[in-house]
Amino acid sequence: MFSFQVFDHPMSRGFQNRFSTQYRCYSVSMLAGPNDRSDVEKGGKIIMPPSALDQLSRLNITYPMLFKLTNKNSDRMTHCGVLEFVADEGICYLPHWMMQNLLLEEGGLVQVESVNLMVATYSKFQPQSPDFLDITNPKAVLENALRNFACLTTGDVIAINYNEKIYELRVMETKPDKAVSIIECDMNVDFDAPLGYKEPERRPQHLEEPTEEEGDPSSYADMDTGFRAFTGSGNRLDGKTKGIEPSPAPLAPSDIKRGIPNYDFKVGRITFIRNSRPQPRKFADDDDTLNRFIAFSGQGQSLRKKGRKP
């Protein structure tokens, strides 16, 4: 008799722990139910049937659950997370922007496979419209919108909703891999120039060519553009221009005076220049009176009148 021993190959365990199946996909607007599920359109997660949850619970998969979606007809793929397991059997519901990336129509077949992705450290986005520049703080808006996403794939065009307006952003680059997980991660975000954005043209400033008089430096030494009183134009309270003369006539060359430089100037020395006023001339009579001054030379007066007896 011959005995056979079956070896448990690690590759066979890998296939057993892998979830892979096909579903017919529809947009979230086709989901039956009284509740509005517009929140699904604002993120990157799908809705799968309950049988998928039973099968995933039996497999030893890692959490969070991340999936790779593939359209074999167009050879397009993307990655997503799962939001709920309430879809009908054989059907999954996808956000509209995700169906556009996969080139899927309503009722098309999509391959769903479970994957493990690396945690993101860097991502770069390109807005698809210059209207994205109208947002005051785009990084804060994007950070708030990415909370509804589970992963990012390079080349996808994601859609975020802000102020009742949808903005599309293309994922230009992700690190450390082309598909990364963004759940509980510290990721640096960068933006590329929006699609169709044109920088404002800068008009060159035409400088006026200086004339011969202006270009000669020696002419500035002969000019003294000092203060001129009452050279401005006046305005009336009633708005009329009657009686208001235009600006005064320009200075004549004879009115321009040249300053006298201080040739005795020394570095580190401050000189205070004061205008000395000439003292008034003293007349000869004033000098004689001062020289003839004699103390107690005045005349006294008596309170009694002369010729009266006491």
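The values are calculated or read from the model by the stated rules, or taken from the named source; none is laboratory data. Everything numeric in this text was worked out from a predicted model, so none of it was measured. Here the Cβ is made from the backbone with ideal geometry for all residues, glycine too, and neighbour counts use every protein chain on show. We work out accessible area using only protein heavy atoms, side chains counted, and drop any ligands, DNA or RNA first. Shrake-Rupley method; radii C 1.70, N 1.55, O 1.52, S 1.80 Å.
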Exercise. Can you name the number of the only condition in (1) outside any strand (DSSP E or B); (2) farther than 22 Å from residue 26 by Cα that residue 169 fails?
Worked result: (1)
For this session: Determine, yes or no, whether residue 109 is open to solvent by 40 Å² or more (accessible area, probe 1.4 Å) and touching a residue at least 40 places away in the same chain (Cβ under 8 Å).
Result: yes
For this session: Would you mind finding the one in 127, 95, 138 that is under 15 Å from residue 25 (Cα atoms) and either surrounded by 15 or more Cβ atoms within 10 Å (Cβ to Cβ) or without any contact (Cβ under 8 Å) to a residue 40 or more places away in the chain (or both)?
Result: 95
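If we keep just the residues of segment 147-169 that are in contact with a Pro (Cβ under 8 Å, 6 or more places away or on another chain) and open to solvent by less than 80 Å² (accessible area, probe 1.4 Å), which is farthest from residue 196 (Cα to Cα)? Walk me through it before giving the result.
Let us first name the residues in segment 147-169 that are in contact with a Pro (Cβ under 8 Å, 6 or more places away or on another chain), namely 150, 159, 167-169.
Filter again for open to solvent by less than 80 Å² (accessible area, probe 1.4 Å), leaving 150, 159, 167, 169.
Details: 150: 29, 159: 18, 167: 14, 169: 13 Å.
Per the stated criteria, the residue is 150.
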For this session: Just give me the residues in segment 112-124 being part of a loop (DSSP other than H, G, I, E, B) and either closer than 20 Å to residue 166 by Cα or without any contact (Cβ under 8 Å) to a residue 60 or more places away in the chain (or both), in sequence order.
Result: 116
Seminar exercise, completed: Checked segment 138-184 for anything hydroxyl-bearing (Ser, Thr, Tyr) and touching a helix residue (DSSP H, G or I) at 6+ places or on another chain (Cβ under 9 Å); matches are 153, 162, 167
Seminar exercise, completed: Among (1) more than 25 Å from the chain's Cα centre (by Cα); (2) open to solvent by 40 Å² or more (accessible area, probe 1.4 Å), residue 144 falls short only on (1)
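Here's the yes/no breakdown for (1) touching a Gly at 6+ places or on another chain (Cβ under 7 Å); (2) in a helix (DSSP H, G or I); (3) surrounded by 15 or more Cβ atoms within 10 Å (Cβ to Cβ); (4) of a type outside the set (Gly, Ala, Ser):
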residue: 51; (1), (2), (3), (4): no, yes, no, no
residue: 54; (1), (2), (3), (4): no, yes, no, yes
residue: 63; (1), (2), (3), (4): no, no, no, yes
residue: 70; (1), (2), (3), (4): no, no, yes, yes
residue: 77; (1), (2), (3), (4): no, no, yes, yes
residue: 81; (1), (2), (3), (4): yes, no, yes, no
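Among the residues of segment 176-189, what is the count of those that are open to solvent by 90 Å² or more (accessible area, probe 1.4 Å) and within 19 Å of residue 77 (Cβ to Cβ)?
Result for segment 176-189: 1.
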Exercise. Open to solvent by 30 Å² or more (accessible area, probe 1.4 Å), of a type in the set (A, V, I, L, M), under 26 Å from residue 146 (Cα atoms) and in contact with a strand residue (DSSP E or B) (Cβ under 7 Å, 6 or more places away or on another chain), is that true of residue 86?
Worked result: yes
